[in-house]
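The values are calculated or read from the model by the stated rules, or taken from the named source; none is laboratory data. Quick caveat, the model's predicted, so the values are computed rather than measured. When we count neighbours, we look across all protein chains shown, and the Cβ atoms used for this are built from the backbone with ideal geometry, even at glycine.
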Amino acid sequence: MGGSPVGEPPPAIVVERLRKDYGNVRAVDGVSFQVQRGEVYALLGPNGAGKTSTVEILEGHRRRSGGSVRVLGFDPDAGGRHFRERVGIVLQSGGIDAELTVREMVSLYAGLYARPRDVAETIAQVGLTDKRRARARTLSGGQLRRLDLALALIGDPEVLFLDEPTTGFDPNARRDAWEMIAALRRSGTTVLLTSHYLDEVQQLADRVGVMSHGHLIEESTPDALGGRDVSGTVISFRLPGQLKASELPAGPWDQREDRPGEFTMHTDEPTRVLLALTQWAADRGVELPGLTVVRPSLEDVYLRITGQAAMGADDGH
Amino acid sequence: MATEAARRPRAPLVLALGQVRYQLVLLLRSPLGFFLSIVFPLLLLICLKVITPARPVGGLPYAQWLTPAMCAFCLLNACYVTAITSIVLAREEGILKRLRGTPLPAWTYLLGRSGSAFVTSVIAVGVIIATGVVFFDVHIVWHAIGYFAAATCLGIACFFLLGVAVTTMVPKAETALPVAFGTMLPLAFISNVFFSVSRPPAWLHDLASAFPVAPIARAMEACFNPATRSWPMPVSELLVVLGWSAVAIVVIALSFRWEPGSAPAARGLGRSRHWLRRGQHAP
């Protein structure tokens with residue numbers, strides 16, 4: 001609100017209190033977020049969380065029931081051709097004519113835009129040059145998704161929507177897709193993607209919004225999701241025989257019963273605790289065998305966040 | 001901004017021509033579309049001519065009546081049937097949804113479709129007439145050729161619009177062909193397309209005249225009769241054709257959809273599927 005520095009471009013996507021009802025089911029309920037230009041933003045959440053509804057409203061494929069939405073300054077509902085010149089959409093599946101070749105498909109779509117990218121170059125970028133004369137029906141699932149991406153890119157979009165871009169991919173195809181999306185980020189394209197893969201979000205996204213039951217329940221960088229960058233860190237080590245547990249600094253340390261002499265601590269202040277611990281050990285001239293510092297996995301955090309949201313939602317009813 | 005100026009959308013006519021070309025390529029690669037539009041009527045022309053006794057129709061040689069009748073059948077296939085099968089297929093496979101996400105205006109897509117229906121129809125009619133002239137001694141009535149062209153164009157427009165309108169009521173690709181033939185063939189049978197109903201019961205004549213197939217077929221057939229000196233379609237029949245076309249345009253404007261599963265019969269299902277998905281809670 002007037003606080004942005006002079007010269008900073010406005011956000012590419014602004015969503016405010018977005019609502020979408022299907023009959024009496026509220027699929028999206030008061031979601032607000034912004035995506036800056038050149039940013040890769042991921043909507044993360046389980047099936048039915050409202051991710052696809054949100055993205056399809058931003059694409060102009062669905063009408064919202066309430067709230068406001070701006071993509072590149074356009075209302076996607078009313079933006080029309082000028083809006084669609086500037087966005088690229090990768091659908092979850094389908095939409096490809098089986099009897100056209102890769103090059104025909106990409107050329108056809110190039111012909112729809114005012115300022116398309118080069119057809120051969122785009123096909124090369126998605127790694128389908130060898131397949132450019134192949135009909136779409138002969139392509140594998142992964143190759144079809146690459147063609148899908150080529151069709152979304154051919155109009156040289158400023159904002160790219162990717163709805164679950166790697167669902168159903170084998171590990172190699174996922175790596176390839178990730179590399180392509182990383183390349184897009186380097187080229188300055190704004191990307192909004194949905195995913196239910198945590199590793200994908202961690203690889204690709206600058207920021208992540210976690211959705212559950214139609215709500216945006218947390219927003220952060222992938223590394224800091226759920227306070228993961230600091231909270232719940234586990235520090236463990238073994239205490240050499242000559243040292244006494246009662247002398248340990250910054251307790252309380254839990255002694256593991258299955259492994260005598262091994263101590264662990266769950267802490268939200270790993271830096272302070274580690275400093276005190278290692279200082280203490282160094283002062284006594286000993287090594288702490290098996291010293292490890294483990295952050296909770298993104299999956300643990302995700303399950304905790306969405307689990308809490310599910311419980312909150314159930315309480316609410 | 002310079003970039004904004006560079007993004008001035010392409011001229012709609014250019015886009016429409018691109019769509020015509022696209023649809024024609026698809027038609028050539030889909031054996032069914034090609035077969036329905038050209039081969040099927042041609043086979044019927046040859047078979048009916050060969051197996052039917054050489055009995056004159058309305059004082060004219062049989063082939064002189066059958067050739068324009070088969071031209072009308074071409075139009076029904078190339079416009080009505082092909083529109084239904086190909087548009088429903090494109091919608092259910094998500095092709096329409098993908099196009100909707102591009103700057104292609106909706107009406108340009110349908111204009112492209114109608115353009116390809118027109119080109120296919122003209123080719124099919126040309127093949128039928130050429131076959132009649134070369135093998136069955138059919139004479140082109142040159143003084144009525146303008147009327148024939150007009151009746152053909154009227155048929156293309158009306159049958160295409162009706163086909164597009166019907167797609168809004170067909171939920172699945174598998175049902176498109178049965179619906180198309182199930183509505184078209186009975187009408188064609190009572191509408192002077194496969195055989196000349198010389199003295200039909202009054203109710204059958206009235207029934208046929210309430211639909212657009214009979215007026216188009218009778219007009220095209222009349223244009224191969226040397227006695228025809230003026231526009232062969234009575235005003236009342238012209239109004240029937242225009243009326244059906246107008247109804248089709250209204251239906252298209254109100255109910256044409258781009259998403260898979262959006263036809264009325266499928267909409268309820270789609271909603272319940274959505275509920276199922278919502279029912280799955282996070283692990």
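Identify all residues within segment A:11-23 that are in a loop (DSSP other than H, G, I, E, B) and not aliphatic (A, V, I, L, M); write none if there are none.
A:PRO11, A:GLY23
Return the residues of segment A:198-219 that are surrounded by fewer than 21 Cβ atoms within 10 Å (Cβ to Cβ) and within 22 Å of A:ALA150 (Cβ to Cβ); say none if nothing qualifies.
The answer is A:GLN203, and nothing else.
Based on this model, can you work out whether A:LEU112 counts as among the hydrophobic types (A, V, I, L, M, F, W, C), assigned to a loop (DSSP other than H, G, I, E, B) and at the interface with chain B (Cβ under 10 Å from one of its Cβ atoms)?
Yes, satisfied.
Answer with yes or no whether A:VAL6 is over 19 Å from A:SER93 (Cβ atoms), modelled with pLDDT under 95 and buried (at least 23 other Cβ atoms within 10 Å of the Cβ).
Numbers: over 19 Å from A:SER93 (Cβ atoms): yes; modelled with pLDDT under 95: yes; buried (at least 23 other Cβ atoms within 10 Å of the Cβ): no.
It is false that A:VAL6 is over 19 Å from A:SER93 (Cβ atoms), modelled with pLDDT under 95 and buried (at least 23 other Cβ atoms within 10 Å of the Cβ).
Which pairs have Cβ atoms under 7 Å, sit 6 or more apart or on different chains, and link a residue in segment B:21-34 that is over 16 Å from B:ILE123 (Cα atoms) to one that is modelled with pLDDT under 85?
none
Cβ contacts < 6 Å: first residue within 14 Å of A:GLN242 (Cβ to Cβ), restricted to segment A:267-288; second residue modelled with pLDDT of 80 or more and in a helix (DSSP H, G or I), any location; separation 6+ or different chain. Result?
That search, which allows pairs on different chains as well, returns A:LEU288/A:ALA281.
Taking the residues in segment A:24-58 that are charged (D, E, K, R) and part of a helix (DSSP H, G or I) as candidates, determine which candidate is farthest from the other protein chains (Cβ to nearest Cβ).
Among those residues, the one meeting the criterion is A:LYS51.
So how many residues does segment A:105-131 have that are touching a Lys or Arg at 6+ places or on another chain (Cβ under 9 Å), surrounded by fewer than 18 Cβ atoms within 10 Å (Cβ to Cβ) and not small (Gly, Ala, Ser)?
1
Could you grab me the full set of residues in segment A:56-103 that are among the small types (Gly, Ala, Ser) and under 30 Å from A:ARG137 (Cα atoms)?
Result: A:GLY60, A:GLY88, A:SER93, A:GLY94, A:GLY95, A:ALA98.
Inside segment B:42-65, can you point out the residues that are among the small types (Gly, Ala, Ser) and either free of Cβ contacts under 8 Å to residues at least 12 places away in the same chain or in a helix (DSSP H, G or I) (or both)?
Answer for segment B:42-65, where residues must be among the small types (Gly, Ala, Ser) and either free of Cβ contacts under 8 Å to residues at least 12 places away in the same chain or in a helix (DSSP H, G or I) (or both): B:ALA54, B:GLY59, B:ALA63.
I'd like the residue in segment B:211-230 that is among the small types (Gly, Ala, Ser) and more than 18 Å from the chain's Cα centre (by Cα) and, out of all such residues, is surrounded by the most Cβ atoms within 10 Å (Cβ to Cβ).
Step one: filter segment B:211-230 for residues among the small types (Gly, Ala, Ser), giving B:214, B:217, B:219, B:222, B:227, B:230.
Remaining after also requiring more than 18 Å from the chain's Cα centre (by Cα): B:222, B:227, B:230.
Numbers: B:ALA222: 22, B:ALA227: 10, B:SER230: 8.
Applying the filter and picking the extreme gives B:ALA222.
What pairs can you find where one residue is in segment A:99-125 and assigned by TED's automatic domain parsing to the domain that holds A:THR138 and without any contact (Cβ under 8 Å) to a residue 40 or more places away in the chain, the other is among the hydroxyl-bearing types (Ser, Thr, Tyr) and assigned to a loop (DSSP other than H, G, I, E, B), and their Cβ atoms are less than 9 Å apart, with a gap of 6+ or different chains?
Within 9 Å, the pairs are A:GLU99/B:SER30.
Can you find a residue that is modelled with pLDDT of 80 or more, within 21 Å of A:SER140 (Cβ to Cβ) and in contact with a His (Cβ under 9 Å, 6 or more places away or on another chain) anywhere in segment A:212-219?
No, that holds for no residue.
Among the residues of segment A:132-143, what is the count of those that are surrounded by fewer than 19 Cβ atoms within 10 Å (Cβ to Cβ) and not in a loop (DSSP other than H, G, I, E, B)?
Residues that pass the stated criteria total 6.
Counting only residues that are more than 15 Å from the chain's Cα centre (by Cα) and under 25 Å from A:ARG304 (Cβ atoms), how many does segment A:35-86 have?
Total satisfying the criteria: 2.
Could you list all residues from segment A:93-109 that are outside any helix (DSSP H, G or I) and more than 9 Å from chain B (Cβ to nearest Cβ)?
A:THR101
Within segment A:233-278, can you find the residues that are modelled with pLDDT of 75 or more, basic (Lys, Arg) and not in a strand (DSSP E or B)?
Across segment A:233-278, the qualifying residue is only A:ARG272.
I'd like the residue in segment A:154-197 that is within 14 Å of chain B (Cβ to nearest Cβ) and among the small types (Gly, Ala, Ser) and, out of all such residues, is surrounded by the fewest Cβ atoms within 10 Å (Cβ to Cβ).
A:GLY188
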